[in-house]
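Participant: Can you keep this structure in mind? I'll have questions shortly.
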Amino acid sequence: MSEQQHEALKPLKTWSHLAGNRRRPSEYEVVSTNLHYFTDNPERPWELDSNIPMQTWYKKYCFASPLKHDDWNAFRDPDQLVYRTYNLLQDGQESYVQGLFDQFSDRGHDQMLTREWIEKLARIYTPSRYVFHALQMGSAYIHQIAPASTITNCATYETADHLRWLTHTAYRTKELANSYPDVGFGERERDVWENDPAWQGFRELIEKALTAWDWGEAFTAINLVTKPAVEEALLQQLGSLAQSEGDTLLGLLTQAQKRDAERHRRWSSALVKMALENEANREVLQKWIAKWEPLADKAIEAYCSVFSDGENAVSEAKSASRYVREMMGL
């Protein structure tokens with residue numbers, strides 16, 4: 001056997017796509033990168049008949065997206081989360097939130113709230129589980145259609161976080177129903193979500209965002225426009241209002257959820273930065289933002305205008321939402 005043949009038969013020390021690195025691959029790189037086999041052949045993504053609906057869907061909405069990059073697999077999560085570390089992180093977060101629920105319940109927190117605030121919670125807080133469920137669905141779609149596994153992973157953890165926000169809201173809804181059975185907690189939220197003027201802006205924004213099939217537009221509509229609007233209105237402004245009304249529990253709960261939102265913004269910002277390596281993508285992203293931003297502004301205006309300091313809440317939420325995109329260079 002020649003020396004050249006011997007070299008060719010030497011076993012690799014890691015996966016072939018990482019073998020060229022001059023350092024040992026991290027756990028994140030080993031378990032997160034280049035996992036999507038459907039990207040190997042854009043003409044037959046799932047190695048099936050090229051004309052079946054799933055094939056044509058991915059060809060159109062993933063590979064034919066106007067958002068282009070030579071190597072989406074080069075994307076890396078700034079936090080480098082993997083399933084193991086995500087669960088460790090959020091186990092701590094859930095222990096903290098459950099501790100809040102237990103401590104405030106033991107103190108009789110809900111019984112100390114004013115009747116006026118309780119009725120307002122039934123209008124502007126407990127219906128938010130519809131919002132969080134829609135964000136969960138939107139993130140799950142990005143997870144499914146994204147052109148790289150490292151993007152999919154970030155969207156997966158984001159989906160799980162939105163489910164956590166939803167369950168937190170559902171838990172509080174039941175607690176409030178136990179304390180105030182005559183208000184309609186757990187019974188009237190769908191009617192409020194579908195008919196109350198405060199929610200119709202967010203309902204329109206989210207229902208339309210869930211029909212953005214192109215993976216790049218879905219990412220833009222959900223992560224760059226809808227989520228900042230939701231987070232600045234429902235987490236920041238509602239959380240601040242709750243604190244001023246003596247509802248410390250809701251204020252602390254929204255703060256815990258904002259920690260997740262900050263991580264979502266970090267990976268979204270990193271993906272935007274990578275996309276802008278192709279200068280043509282700037283116009284693509286700005287066009288999508290121009291399409292979705294008016295709906296987000298309308299949603300913020302309808303929701304925050306019912307606050308006691310509505311005009312200021314609207315202004316702050318809209319400015320902060322735009323600032324998220326400005327910090328990403330858009």
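The values are calculated or read from the model by the stated rules, or taken from the named source; none is laboratory data. What you are looking at is a predicted structure, and each value in this text was computed from that prediction instead of being measured. Counting neighbours? That spans all protein chains shown, and the Cβs are built from the backbone with ideal geometry, glycine included.
Participant: Somewhere in region 298-308, is a residue in the same structural domain as K227 (by TED's automatic domain parsing) and farther than 21 Å from L205 by Cα? I'd like the intermediate steps shown before the answer.
Facilitator: Of the residues in region 298-308, the ones in the same structural domain as K227 (by TED's automatic domain parsing) are 298-308.
From what is left, the residues that are farther than 21 Å from L205 by Cα are 308.
Within region 298-308 (the criterion being in the same structural domain as K227 (by TED's automatic domain parsing) and farther than 21 Å from L205 by Cα), the answer is yes, since at least one residue qualifies.
Participant: Further question: Working only within region 141-170, note down all residues that are more than 18 Å from F38 (Cα to Cα) and among the polar types (S, T, N, Q).
Facilitator: T159, T167, T169
Participant: Can you tell me which condition S308 does not meet? The list is (1) among the small types (G, A, S); (2) more than 26 Å from Y157 (Cβ to Cβ); (3) free of Cβ contacts under 8 Å to residues at least 40 places away in the same chain, and all the others hold.
Facilitator: With respect to (1) among the small types (G, A, S); (2) more than 26 Å from Y157 (Cβ to Cβ); (3) free of Cβ contacts under 8 Å to residues at least 40 places away in the same chain, S308 is out only on (3).
Participant: While we're here: Quick check on this structure: which one of S50, S65 is without any contact (Cβ under 8 Å) to a residue 24 or more places away in the chain, among the hydroxyl-bearing types (S, T, Y), assigned to a loop (DSSP other than H, G, I, E, B) and at negative phi? Break it down into steps so the answer makes sense when it comes.
Facilitator: Values: S65 fails: without any contact (Cβ under 8 Å) to a residue 24 or more places away in the chain.
Of the residues listed, the single one that is without any contact (Cβ under 8 Å) to a residue 24 or more places away in the chain, among the hydroxyl-bearing types (S, T, Y), assigned to a loop (DSSP other than H, G, I, E, B) and at negative phi is S50.
Participant: Name the pairs: first residue in region 88-112 and without any contact (Cβ under 8 Å) to a residue 24 or more places away in the chain, second residue surrounded by 11 or more Cβ atoms within 10 Å (Cβ to Cβ) and among the acidic types (D, E), Cβ to Cβ under 9 Å, at least 6 apart or on different chains?
Facilitator: Within 9 Å, the pairs are L89/D79.
Participant: Could I ask something else about it? Inspect region 126-138 for any residue being under 16 Å from V183 (Cα atoms), surrounded by 23 or more Cβ atoms within 10 Å (Cβ to Cβ) and in the same structural domain as A261 (by TED's automatic domain parsing) and give the result as yes or no.
Facilitator: Step one: filter region 126-138 for residues under 16 Å from V183 (Cα atoms), giving 126-127.
When the remaining residues are screened for being surrounded by 23 or more Cβ atoms within 10 Å (Cβ to Cβ), the result is 126-127.
From what's left, in the same structural domain as A261 (by TED's automatic domain parsing): 126-127.
Checked region 126-138: at least one residue is under 16 Å from V183 (Cα atoms), surrounded by 23 or more Cβ atoms within 10 Å (Cβ to Cβ) and in the same structural domain as A261 (by TED's automatic domain parsing).
Participant: Can you find, within region 266-310, the residue that is nearest to W199 (Cα to Cα) among those that are within 17 Å of the chain's Cα centre (by Cα) and aliphatic (A, V, I, L, M)? Give the steps one after another, and end with the answer.
Facilitator: Taking region 266-310 and keeping what is within 17 Å of the chain's Cα centre (by Cα), we get 266-272, 289, 292-293, 296.
Right, trim to aliphatic (A, V, I, L, M) and you get 270-272, 289, 296.
On the way: A270: 31, L271: 30, V272: 29, I289: 21, A296: 12 Å.
So the residue we want is A296.
Participant: Name the one entry in N312, N278 that is in a loop (DSSP other than H, G, I, E, B) and at negative phi.
Facilitator: Working: N312 fails: in a loop (DSSP other than H, G, I, E, B).
Exactly one residue qualifies, and that residue is N278.
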